[in-house]
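The values are calculated or read from the model by the stated rules, or taken from the named source; none is laboratory data. For clarity, every value in this text was computed on a predicted model and none was experimentally measured. So basically every Cβ, Gly included, is an ideal-geometry build from the backbone, and we count neighbours across all protein chains shown.
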Amino acid sequence: MVYLALALWGAVHPMYWFVTYMRETGTGLSGLIDAWYVNASTTGLTWDLTIAAIALTVWVLAETWVRKNWLALVAIPATFCIGVSCGLPLYLFLRTRAV
């Protein structure tokens, strides 16, 4: 249940800051994406999370193929639509259940 709680936190908490930023700037999603590349620090963090998301996706696909735990595939859209902070604990939660 800890993994599920972390997945929920990883979905809600970062989204709060994204929505706050978009409201403050009035730029919407395109402005948020532009902000990811505003300087070397944010660009590095963006690439760090992108590489982590790709690694998680490869892991999910490899383990799903072996374990036949098809429900675990929902971690992939959760990772790319919400973030690694949601996708990783969600996958760990789904992985720990009996198949």
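Structure notes:
- Filtering T25, T79 for residues that are polar (S, T, N, Q) and at pLDDT 95 or above leaves a single hit, T79.
- For the residues Y3, Y37, Y21, the requirement of being over 16 Å from T96 (Cα atoms), of a type outside the set (V, I, T) and assigned to a helix (DSSP H, G or I) singles out Y21.
- Residue list for region 45-86, restricted to those being of a type in the set (S, T, N, Q) and more than 13 Å from the chain's Cα centre (by Cα): T64, N69
- So M15, is it surrounded by 16 or more Cβ atoms within 10 Å (Cβ to Cβ), part of a helix (DSSP H, G or I), modelled with pLDDT under 95 and out of contact with any Ser or Thr (no Cβ under 7 Å at 6 or more places or on another chain): no
- Identity of the residue in region 58-99, of a type in the set (S, T, N, Q) and surrounded by 18 or more Cβ atoms within 10 Å (Cβ to Cβ), that ends up nearest to Y3 (Cα to Cα): S85
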